Structure formats: structure tokens, C-alpha cells
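Bear in mind these aren't lab numbers, they're just calculated from the coordinates by the rules spelled out. These numbers were taken from a predicted model, which means no experiment stands behind them. Using ideal geometry, Cβ is built from the backbone for each residue, glycine included, and neighbour counts are taken over all protein chains shown.
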Amino acid sequence: MSSTWNKVLIPLAAVLLLFCAGLPFVVRAQYASTARDTKLPPERAEYTAFDPEGLEKLADAGPLSFYYRESRNVLTVVDNRNGYTWKTGLDLPANDELTDPETPREDKMNALYHALYNSLVTVEYYDSSNNVKTTASAAKGDAVARLATIDGDPAHRRLDVEFTKINLQLSVHIYLTETGLRFEIRDEEITGEGQSRLAAIQIAPYMGASGGQKLYYNAETGAYDLPVHNPAVPGYIFIPDGCGALMRFSAHTANLRRYVGRVYGNDVASGTYYILREGSAVPVKEPLMPVFGMAYGDRQAAFVGYASSGDEYMEIIVSPESGQSFYTNAYPRFVYNTQYYHVYNRQNDGYFKLTADRRHYDVVMHYQFLAGDGQSDGLAADYTGMARAYRAYLLETGVLQKAQTTAASIPLQVDFVMADSKKSIIGNQEVVTTTAAQAMDMIESIQNMGITHLSVGLMGAQSGGITGGKPWQLGFGNTGSKSDYRKLLAMDADISFRQDYLNINATQMSMTDNSARHLSGQLVRLMLDLGDENTTPISETYYARPDKSAGWLYKQAEAAKALGAESVTVDGITGMAVSDYGRNPIRLSEAIRIYQEALSSLDMKVNLSKPNQYLWQYTDRFLDTPMFTSSYIMETDTVPFLQMVLNGSMEVCGPYANLSFYTRADILRMIDYNVYPSFILTYEPSYLLAATQSSDFYSTEYSLYEPIIKSVYGETNQALSVVRGREWIGREVLAPGVVVNRYDGGVSIFINYTGDVFTAPDGTEVAAEGYRVRGA
Amino acid sequence: MHKRSILLFIAVLFGVMAVGSARAEAGYYTSYTYTVGVNDSMIRTQSAYLPDKTITDLSLNAPEEITFGPDGFLYIADTGNRRVLAYDPGRNTVVFELTSEEFRSPRGLYVTLNGDIYVADSQSAAVFRFDREGTLLQTYRRPVENSYGDTAYNPYRVAVDRGGSLYIVSEGVYNGIIQLSGNGEFLGYFAVNKTTLNFFQRMQQLFFTREQKANLQANVPLTFSNVYADKKGMIYSVTMGSSFGLGSQWIERVKKHNTAGQNMLGLIPAAGELTGIATDAQGIIYTCDKRGGIIVYTPDGEYIFDFGAFGEDMDIAGLYTELISITVADDGTLWTCDNKKAYLQSYTPTEFTKNTFHAIDLFTQGQYTASREAWTEVLRLNQMSVLAHNGIGKAYLYEQDYENALLHFQVAGNRTQYSDAFWELRNDILQRNLTYVLLVVLLLIGFFYALKIFDRKQRLRTAVVQAARIPLSVSFVANLVFVFHVARHPFDAYDDMKRGHKGSLPAAILLYGLFFLSFMAFMLGKAFIMQVNIESIDTRALVIGFFAITGLFAFCNHLVTSINDGEGRFKTICMTFAYATGPVTIALLAYTGLTYVITTNEIFLLNFMLGAGATWSLLLLVLGLQELHGYSFGTNMKSLLITLFFMLIVTVVLLILMLLWDQIIQFAQAVGKELFASVFNLE
């Protein structure tokens, strides 16, 4: 062969060889991040310098300077750490105020929108035909607003607003603090006849809003009709949906509706209808805490906003760009009155009406501003900084305490389905899937795997099982005798009875006295999706009155204690507060207080299922922690905000792993989110439950899951036991699908969700679909 | 399936907000997955598909159809923007935009294996064929053949088989799917939906005059809403119309057509307004409906599961405002399209789904043992999967392991195949034990012959017969056994009874009790093959119904005959009734017992036996009453008819009373409350 051939062939062969060797990497698709992941932080944002023209300086506090523009009702906060300017409104001039023909005009702006864009407070009210209308503090002709200084203190101002059109007066106290702003709207300061028609108050609805569109002058037509969208600002809105979600600012071309997060869930007794129906859509995860935030740029500027009063009536709203407005904005909305369907006969005929008296409560809303990457104060201007700032606030106010960890290994949460009932020839029949003795066997078997830190919840131990068991006593049926349970509870594990004190049904008790009543006077009920009077024991459930729930919890806990239980596991009332409009009405705030008192009166360890923030004070273990969001289309990232807030104060356990949560990605997510594994198990096969209300526990048989429990626990324990008792100080996305969590003492856990080995800038290698603990 | 549709319907009517507690919530699914559980009830199961990507940034406007091309790109009929897009899901970019001056409302889309793009445009009244570069190759306008007549031609969906024939769904065409040859020749209507008449319409057809009929709305067949051709050229279709319409749930709305256009799937469950259909390489069928429901069927049309939901007032991945089209990628990923919200939503199959499809595939290929193992894996993921229990049962059946097959068919509630397996098992047992059975029979015959020889003087026989008669000397027993006499010689026996010679009230009560017990045993105690689910039987209604009907009969007959010169008294009427129940009691008991050894093939024998027993008893009752009252045959029949009529009236009166009762009680309660409140001065 000639050398010329060699010259061609050898490089060709080399190229071919290289190509083949590289093929596996080329073929494997790059890791595609979805809205279930946290993506790389936004780009750096460029922002304009502060321009004090036309502003009145109010005060300086710490790194912040405060200014006010009387004509537009806009409060401006300059963060001197980074020069970023925050405004409570868009601070836009009205189009007719503009004289310079070169200045573009704001698109879609009329007098009302001009007021809404700028105002500090926006008020929603019901008009004479009960339609919701909006007006704002800066609405010329409709409202008069005046800023006053209180007691000569420049840091305490009060905006007195008179909404002349609807005859409503209210005052907003503004406290200018070193960390940011605090707004207070006191109940007694809302006056005037219009208060009975007050629907809701929005605070600073356009603070931090992004988007907008300008109209440029068109010489040809002689009009402002050349639309140009404002340049997109890199940044996001944080909302407490599920474990935490980010909505990055972007122009969706699909026509999306706004996000409404009802803090602490829906109070069914004051909802629109007294009959609720379970659908085939999974219920959305309502915020467990009254907090939201916004961040601009790559850890440049952010704020976190939270309510310390009025939180139970708070909604978190994110309104995307839509046909009405080109802005994306997020704000708190405090609800004062709602419409409900008032039924006046047995045919369910009725009409919509407002409650006679609006809700009475004080609103206190805090805004804390964050700047930079957190090197100086540990509070980065991103969702991690928001979480840490919020956690600090909760620690300060006693909602959270720092927990002392004693055990070296992480806990394993296991729930046993003991029994449930199904329809029988006469009445209902108990289906036993686990007896007390079998539970003991399983616990022993799990402990023999070397899992010593074990927490067990017993579901449906009573006669009648999960559906029929009475929430106020402990009367056992076919699952075992009292002495069997005494033996079980004496085992070396944290064993408790798990009971739902909220969702009740007619096989347990009479509904007339025990169920909460709707505003319309009817018993509130939930029609079950697959409930059928002929084949299932129940077709509807009701909601227990808060005072009843509290009484039952206390009684049953006493009975459990007498048997030797050291902890209780509470379901139902933890994630939902229900008011009652029976003979002696119990308002929502009072219902919350009743639940709190009931839990604080227990001198036992308390495990709660997805508790709302007002119960965290009493929580030792947080069960069924959300690991995802509700999948709103606007959401672009999922973040462990909730977990970061709770970490170090209680044990946080995840959803049941055996119900489709034990894939490789799920285990990595548990390690990433610092959440402990949990399982739901039966001794017998789960198909026995097919005709019961527990038919959605589709795979629970212990023998099937023994090896999976061992492997899932083994892996999560290996990673998470290292950081037990350490403070979670930061979380960073290094590349798509690669995350590092930083804990104090220099410990980091790298998690690699991708199918490729990852090498961090510091040289740390993380296996494909693996994790790596450094610094321990 | 049906039940859920009704529930959905109610939810729509009341517009009630959907809430609930998601107990078994683990993944990021946004709608529940339903499947058939034991007892044919719908149950929630783990997610079959998880929502993956939501594509909102393609500036779509009212897109109507999506489909995958052979290049792996997703083709989108972006109807509102009058264009067709090719979108690369891997890179999340639009790779190709097809526009044409002719496009006015490009709604339907089909991409052939060689990359030709067919676009159905209803406003342009044409189907266009482009090559993969976007060059217009052919335009299919309204067929000119006489046979097409003046039928409308506004194509909005199109499919093309491997021979190049077009299958077109057009607005305003009720005759069926228009079939055109590749060069535009009208070949006829491929598949036709039949018209069906509901009860009222049938009545109208019967009684209305010609003028009235002319005024009625024309009863046209339901139109097709989509047509689809799989890679092998097999044609599928879905039919419009809501399943809530009167009787329309009995219309075949998901069809897989043979070459003659006939449906090969039969009637399979479907709900909602179906909009789209697609299949994958394995032949799994996916359909979608307007309100967001997605149903998945096996290639044979067996329902596997459904998921997807209507988004009430929020935009959540996997909830729809108007789900218009569904298609499936080669890797099993589903893509769907929301018309109103103009976005795409993809789903990835879960392990559960992959395993289920794998097991179905193995079974279809005849690999029974392998499929059983695959089904066992599905069972591990979901112990309630009826499909898996059925699959394992069938595999065992083919492997001739009948006992295991029985076990799984019973869990699955599959009575037909349980019976098949039982037949085999019984056959097996009979064959294996035939020798023993014959031996026993021979021995018995030998024994009797021997007895005959040794007991020539019949001393032993007499002794046995006499011993057997001893209980008869007890009058109660004699009165009880008298029932057999009644059955054989009703005239004599009832005459004896009337005269008070034979029969007694205690014995009659016992007979009545036995009748009740045999009835209850029949209703609740049959073998699995014949027994409807006990959970779904209202036992109280059975008991009350039994006593109410029999008691009412005796009572009414007494009233009717006492004013008609009947000689019987209430007591004797009851006794006559009780003594007539002998044959039916025996038939009921025999029926119940025999269900444990028969298969569905032999049910007709049992039914015949029960029918005979019931008729016999009825005859005895009629004759007995005739004898008792001293009536002629005619008078007796008349009095019986009046009795039945009277029973009807009493029932109606009682029903009205029961309906009013609720209100009477409420009225009393209201008055009581008022009194209580005013006395104690409460609010």
C-alpha cells in the first residue's frame, strides 16, 4: 500500500475509532431539566441606578433608604448594599401626563390600571349585583390617600386612605425597619359603610412586577401603535406550593390563568357550596406557610414577604402576563368577605349572598430585602436566602425551636394498615390486613435489618378499621386484644396510633352534632369520587367540628397513653382548619386556636401529617412532606424551601416510598431534600383492601417490600446521617441535574441526577445517578 | 366506567369545586389513574403516566391535531395561525413551518411513513398533500362522482392507509368516513354509524302521524370525530356525541376497522366527547376526550386504565380545558394538545405501565409462561390489578394449571374464565377418579343383589321400612311430610287439608321458614360462578321484600275472597300457600347446591329445573286456593287477578305514604323545635 493511502487511511481510521468510542456519550441524551428540578440560577440582571427626582425622603434604616412619591402612592426602598431600588408599585406616569412625543406610552393602561400599577393598597369590593370590582389608593377621584408621621417617628408612618366611591376608610401603618418594610392594617381602622362590601385587600400588588409593553410613536399613522415588549428581566417569583416552587419570568404564549394559593388550605365551612365533590384531578397543594418572594438576577436582589397576622385569611396570588396586563406580578391578598350559596329549600334552590359581617382581623405583612450572594450575612438573594431568613423569623417568634438530635442514624417511618371495613351481607365487615402480633413480627424483622431508629403509626387498629374506628376511644376488634397492643407498644420503637380527627363519616357517629356546618347552615360534606352506597361502606365524608376534634384527640391520646404509647400521630386537622357555623359559631382563627391548644395539652411526642405552620410549634415529626409542587404550568423549578425552613427543628419524613416513590431519582431527591423515608405496609396482601375505602393502598404487603426498605433506608441513612444535627446553609445548582447542599461544619452533599459522571470545579467526582458526601 | 361517567356528569351539573384528601400521594401526578378493580368497580391505582413537559412557548393558536412523523418530529396543525409546524421534542425547537396560501383552516393532519404530509382544511374544502420539503403535491377537492351526490365536503380529519387511500372525516357528512383513492377517486363510505332510536323515539315512530314525523328532528347517525391509520395501515375511528345522551352509551364509539370497515372491537367502554385516537407499535389504543380524559386499551379493546382530568379554574400540567388530540412517540411517550389553552403536554409511562404493556405483548405472542412472570411483576407494583390477576389466570389456564388459574380468576372476579378453568378441573377430577366411581357403583349393585338373595323373606327390608316410618307417627313430622303428598296429589291433599284431616299450622310455618331460607341461600349462597357480589346486594331489601310480598299476597287474597264468598280463612290461606312451596323450595336448594359443581355451560339445566319447580308450586297454589275457597276455575282465576291488582294498589299507597312520611316527620320536628325554642326562650 502506498504511503499516500496511509496518510489518508490512518487519520480516517483514527477519526472513526474516536467517533465510535465517543458514541455512547453522543447518543446519550443530555439531562433535560424539567419543572420538577431546580435549574441553574438566572442570568445576571442589569439594573438602572436610583433616581431620587420627585421623591420625598422618609428615613434611613440600616442599609436601606426609604422614599415616597405622594402623587402615585409609591414607596421606594433603596438597598445601599447593592444599589437596587425596590418600589411598592410600578411608579409609572399616566399616559396623559406625558408631554414629550419621543417618550413611549405604556400599553394597556387606562385610569384604573394606572392606579392599580402604582398603588400601595388595592381594594376589591362587591358592587350592588355582587360582582367583584377593584379600586386602588392612588385612583384619582375614587380615593384620597395621605401619608402621616406617627408620634414624630420617621420610621412609623401611616397611609390613611379614603375610598370615597364606596365609602370606606382604612389606614396602613408603615414601619421602615433595618431589614425592610412592615405593613399593618388594623381591624378597627377599617371603617365606613363600605366595609360590609369589602371583598379583599391587596398589598403592594405590583411590587417587583416584571414585563410590560411600551407603545412607540408611529410617524405614519400619527399614533402610538408600535408595541415593544419590555426586555425580560432574569429572575423569579417564589411561592410555597408543595415543597416550594419558582416561577421564572417569561412570556408564555399560552393564555394562562393566575395562581391562587390559599394559605393553610380551603376553609370548607365558609366556601361557596356546602357540598364538595372529590374529582379525578389531584387536589392542589395549598401553601402550608404564609410566605412568598421574588428574586432578581443571579443572587443579586430579592425580597421575602410573610404575614404574621391575618395569615389564615391570606391568599398568595401570581398573575401572569395575560390579555389584561403585560405584567407578571405576585402579591398577598387578604380576604374579608366571600359569597356563598344560601340554600332555602330541600330542592337545593338558593341564591348567592355575602356574609352579613365581614371578617375581623389585623393584617401584619413583613417584607425583608436580601442582597448579594450571602457571603456577608448568610442570606443570599435567592430562594435559599428567603428560606433562611424566614426560618430565622420563625425561630425568633417561637414557631420553630432548634431540636436536639440524639440518635446517630436517621429515622424510618412505617405505617401499618391494620384493618378497614367493607360492605357485608349485613352492615359492614372488618377486613384485617395486619394484626398486632403480625405488626410485632414486622417491627422485629425491620429492626433485624439494623434499623434501630424506627417510628410506627398504626392505622385502623380499632374495630371498624380506618373507616369505622371511633376517633375518641381505643376499642379493638379483630386486630388484637388490649394486651396484644400493650405488648406491641412496649417494643423498643416509637409506636403510636394514627388517627384522622377531621374527616368523619356516618358509620362512626351521628353527623348532626359532630359535623361542621356551612355558612348556609347545612352540614358540609364531601362526596367521594368512587363512593357508591351499594358497594362501598361510605359514599360521603363530613368535617368534624373543631371543638369535637380537639376533645377526641385528647381522649384518645389519654387512652393510648394508658396502653403505653409515648406518641400520637394526627391526621386531618393538621393540614386543614375548619370553622363551624352551627349554633355557637367557631370562626377560623378560633378553630386554629382550638387545634393549637389541643396539641399543646398533650404531654406526648407529636407526629403530624403535613401540618400547617400554626402547628409547627407542637410538631416533633413532620409526615408526608410534599416533595413536589402542584405542577402549575407557570412553575419552572421545584425547590426544597419547606425542608430548608424545617430542617433542624423536627424530623421530616417523606411520602410513602412503596407507593411509587422509590426509583433512583426519588431516592436522590430524598437525599437532596434531606427527607427521611417512610413506608406503608400490611402483613397480608393489599388486594384484601380492594372493596374498602383504602383501595388506593395498591401495594403494601411487607414481604414484597422487605428488600426495598433495606436498600432505600440504607442509602438515605448513609448520606443523611452525616448531616443530622447540622444546619443546612445553602443549596446550589452546579449544572443541569447536579446539586450541592451545604451544611455547617463544611459538610456538603453533591447529588447527581444525570446519567453521566460529574466533576465539580473543586475536583469532586459524583457518580452518575449518585451522590457524594464531602467534608464529613 | 359507566358509573364514573355519571359522577362526572353530576359534577358538571352542580359545578361543585373539586377537593379531597390525597392520602396515597407520592409522585407528581396531577390526575388520578383509574382501573377496574375486583367486582368490576372502578378503583384508583398508581399513576400510569406522569406529566412531563408542558410546551407553552410555540405561539400556537387553537391547534387541532398533533401526530408524529417518521422523522421523530411532532407535527402540529396550528389551525388558528393557518400553518403546520414540525417540532423537535428532544431539542424543544420548531424545525419546520409549513404554510400555504390555500390554508384557511388547516385542522386535520396525517404524516405517512415516507414523510408525506396530508392536511385537511375544512374551510378550503380540500385535503392537501405535501412532500417532506413542503411542496404541494396534490389537492383532493370535493369528489365529482355521481355517487357522492350533493353531500357536503368540509374535511377536518384525515388518515391515509399504506395503499395511499384517504379516509376523511368531514363536517356535515353523516354517511360515514369518506374514502378516496390516492388519485382522488371516491371509493365510497368506509365505515358507517348506525342510527339508534331511544324508547321515546320508538314510541314516536309508532304513534305519530306522517305530518308529526316530518316535524321531528331528523334522526341522523352520530358523526365520526376522528380517524387514524396505524403504521400497518389499520384504520381506527372515534365517534362524537356525549355518552350521557339517552342510550348513547351503548353506541360503539371507539372502533378498529377491518378492510370492510366493520368494527373488530365490539362495544367497549368510552366516556365523554371523544376527540382523538392513536396507537403504538404494539397496538395499544389511546383515546382522549374533550374534558381531558385519556383511556388506554389493549389491542383487543380491553380497558386498561384511564387518567387525565378537566382543569376547573387553574392551569396545571395534565389538566385540560379542551383536550383535542393525542399521539404517541416511538418510546411510548404520550403527547397531547389543548385546543383552548394552546399548549402541548407530554407524559412518560411509569414502570407499572411499561410492565403491563410488556406482559400484554408476551401474552399476545403466546408466550404464556413469560407473560405470567411479567404479570407477577405488575402484581408486585399493584396487588389489586385485575388485569394482572386475569393475565396470570389466563397464562395458568393455557399452562393447564387449573387450580392456580381458579385462584386468580376468583380474585379478578372473572366468572367466565373461572368457569372454563373449573370445567377443565372437573373434567380432570372425573377422569382421574372414573375407575373409583365405577367401582363404587358396581359394589353397590353387588351389595343390593346380595341383599336380595340373602333377605328373601324381606324381613330386613320390612324392619328398615318400619323403622323409617316411626317418625311419621309423630303428628308434626307427618304434617310436615304431607307437603310431598300435596305436591303429588294436590286435589286430594288440599281437600284433606280443608277438612282439617291433614296439615297443621306449625308445620306450615316451618315450611314457610324453609322456603325463606332456601330463597336466601339461593340469593346469597351460590358458588362463585353464579353469585353476584354479595357486597352489592342489599340484604335488608331482600328480607323485607320476601315477607312483604308473600304476606301481602295472603292478606290481599283474604280480603278479596272474604267478600267473594270464599270459604278459606286467613290461616288456611297461609297454610295453603306454605304447603304449595314444596317444589320451589327443593328447586332453590338444589340449584344453590349444584352451582358448586357446574360450569356456565350447564346453567340452562339449572334454570330449567328452577323454572319447573316454580311453575309446579304456582300451580299448586292456584289449585289449592281453588279447592280451599270452593271456587270454580274461572272464579278462582278472577279472584287471583283481583288479588294481584289489590297488591299493586296497596304497594302504591304505601310508597306514597313513605314519600310523604319524611315530610311529615320534618314538619313535626319543625313544630317541635319552635315549641322548644319558645318555651325555653332560646335562639
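Seen from all directions on average, segment A:392-515 presents a Cα convex hull projection of 10.9 nm².
For trypsin sites (Lys or Arg not before Pro), the sites in segment A:306-396 that DSSP calls loop and that have at most 12 other Cβ atoms within 10 Å are A:R346.
The Rg/Rh ratio of segment A:465-606, with both radii computed over alpha carbons and Rh defined as the Kirkwood radius, is 1.00.
The value of relative contact order for chain B, using C-alpha pairs under 8 Å at least six residues apart, is 9 percent.
Along the axis of the charge dipole computed for the protein assembly as shown (Cβ charges of +1 for Lys and Arg, -1 for Asp and Glu, origin at the Cα centre), the listed residues B:T54, A:S171, A:G398 are led at the positive end by B:T54.
Rounded to the nearest 20 debye, the dipole size of segment B:352-498 about its Cα centre is 880 debye, using +1 on the Cβ of Lys and Arg and -1 on the Cβ of Asp and Glu. What pairs in B:K526/B:K571; A:K57/A:K133; A:K108/A:K165 have C-alpha atoms more than 26 Å from each other? Those over the limit are B:K526/B:K571; A:K57/A:K133.
Evaluated at q = 0.13, 0.15, 0.16 Å⁻¹, the base-10 log of the normalised Debye intensity for segment B:24-179, with identical point scatterers placed on the Cα atoms, takes the values -0.71, -0.84, -0.90.
Dividing the alpha-carbon radius of gyration of chain B by the rule-of-thumb value 2.2 N^0.38 Å gives 1.32.
Computed over neighbours whose Cβ is under 12 Å from that of A:M511, the net charge equals +2, Lys and Arg +1, Asp and Glu -1.
With θ taken as phi - 60° and the Karplus curve 6.51 cos²θ - 1.76 cosθ + 1.60 applied, the whole-hertz 3J(HN,Hα) list for segment A:594-611 is 5, 4, 4, 5, 4, 6, 6, 7, 7, 9, 10, 5, 10, 9, 10, 8, 6, x Hz, x standing for glycine and proline. Once C-alpha pairs closer than 8 Å and six or more residues apart are averaged by separation and normalised to the residue number of segment B:347-495, the relative contact order reads 11 percent. Working note: Cα gyration tensor of segment A:282-390, eigenvalues times five, square-rooted, sorted largest first, giving semi-axes of 37, 17, 12 Å. The sum of -39500 (n - 2.57) across all DSSP H runs of n ≥ 4, divided by the residue count of chain B, sets its helix-only mean residue ellipticity at 222 nm to -14500 deg cm²/dmol.
In a solvent-free Debye calculation with one equal scatterer on each Cα, what is log10 I(q)/I(0) for the protein assembly as shown at q = 0.05 Å⁻¹, listed in the order of the q values? Log10 of I(q)/I(0), two decimals: -0.51. Hydrodynamic radius of segment B:315-470 by the Kirkwood approach over all distinct alpha-carbon pairs: 21.0 Å. Look at B:Y167, B:Y512 and count the other Cβ atoms within 10 Å of each Cβ; fewest to most, that gives B:Y512, B:Y167.
For segment A:699-776, the equivalent ellipsoid derived from the alpha-carbon gyration tensor has semi-axes of 26, 17, 10 Å in decreasing order.
Rounded, prolate or oblate: which one fits segment A:394-442, using the alpha carbon gyration tensor with axes a ≥ b ≥ c (rounded when a/c is under 1.5, else prolate when a/b beats b/c, else oblate)? Because a/c hits 1.5 or more and a/b fails to exceed b/c, segment A:394-442 counts as oblate. For A:H342, the residues whose amide H sits under 5 Å from its own are A:Y351, A:F352, A:K353, ignoring neighbours fewer than 5 places away on the same chain, with H placed 1.01 Å from N.
Placing +1 on each Lys and Arg Cβ and -1 on each Asp and Glu Cβ, with no other charges, gives segment A:373-492 a dipole about its Cα centre of roughly 480 debye.
Mean residue ellipticity at 222 nm, helices only, chain A: -5500 deg cm²/dmol; runs of at least 4 DSSP H residues each add -39,500 (n - 2.57), and the sum is divided by the number of residues.
One equal scatterer on each Cα of segment A:97-213, no solvent, Debye formula: the resulting log10 I(q)/I(0) at q = 0.17, 0.23 Å⁻¹ is -0.92, -1.32.
Over segment A:195-252, the hull volume per residue, using the convex hull of the C-alpha atoms, is 171 Å³.
When chain A is described by a simple charge dipole with +1 on each Lys and Arg Cβ and -1 on each Asp and Glu Cβ, the residue from A:Y113, A:I201, A:P93 located farthest towards its positive end is A:I201. Going from the fewest other Cβ atoms within 10 Å to the most, the residues B:T369, A:T535, B:T67 appear in the order B:T369, A:T535, B:T67.
Here the Karplus relation 6.51 cos²θ - 1.76 cosθ + 1.60, evaluated at θ = phi - 60°, turns the backbone of segment A:744-757 into coupling constants of 5, x, x, 8, 10, 10, 8, 10, 10, 7, 7, x, 10, 5 Hz, with x for every Gly and Pro.
Over all other residues within a Cβ to Cβ distance under 15 Å of B:L60, the charged ones net out to -2, with Lys and Arg as +1 and Asp and Glu as -1. Normalised by 2.2 N^0.38 Å, where N counts its residues, the alpha-carbon radius of gyration of segment A:336-450 equals 2.01. Please state, as a whole number in µm²/s, the translational diffusion coefficient that the Stokes-Einstein equation yields for segment B:480-548 at 37 °C and 0.692 mPa s, with Rh defined as the Kirkwood radius across alpha carbon pairs. For these conditions, the coefficient is 230 µm²/s. Going by neighbour counts of Cβ atoms within 10 Å, the residues A:S129, A:S463, A:S510 line up, fewest first, as A:S129, A:S510, A:S463. Of the residues B:Y189, B:G115, B:A214, the one whose Cα sits farthest towards the positive end of the charge dipole of segment B:93-244 is B:A214 (charges of +1 on Lys and Arg Cβ, -1 on Asp and Glu Cβ, taken about the Cα centre). For A:S309, the residues whose amide H sits under 5 Å from its own are A:V364, ignoring neighbours fewer than 5 places away on the same chain, with H placed 1.01 Å from N. Shape index of segment A:585-671: Rg/Rh, with Rg the Cα radius of gyration and Rh the Kirkwood radius from the inverse mean 1/r over Cα pairs, equals 1.04.
About its Cα centre, the protein assembly as shown has a charge dipole of approximately 5040 debye under the convention of +1 per Lys or Arg Cβ and -1 per Asp or Glu Cβ, with nothing else charged. Each part gets one Cα centre, and for segment A:63-82 versus segment A:336-375 those centres are 30 Å apart.
A simple count of charges around A:S600, restricted to other residues whose Cβ falls under 13 Å of its Cβ and scoring Lys, Arg +1 and Asp, Glu -1, yields -2.
For A:D37, the residues whose modelled amide H falls within less than 5 Å of its own, excluding neighbours fewer than 5 places apart on the same chain, are A:T638.
Diffusion of chain A by Stokes-Einstein, at 25 °C in a medium of 0.890 mPa s and with Rh set to the Kirkwood radius over alpha-carbon pairs, works out to 85 µm²/s. Rg and Dmax of segment A:155-223, based on Cα coordinates, read 18.5, 57 Å.
Under the rule a/c < 1.5 gives rounded, and otherwise a/b versus b/c splits prolate from oblate, where does segment B:226-359 land using the Cα gyration tensor? Verdict is oblate for segment B:226-359.
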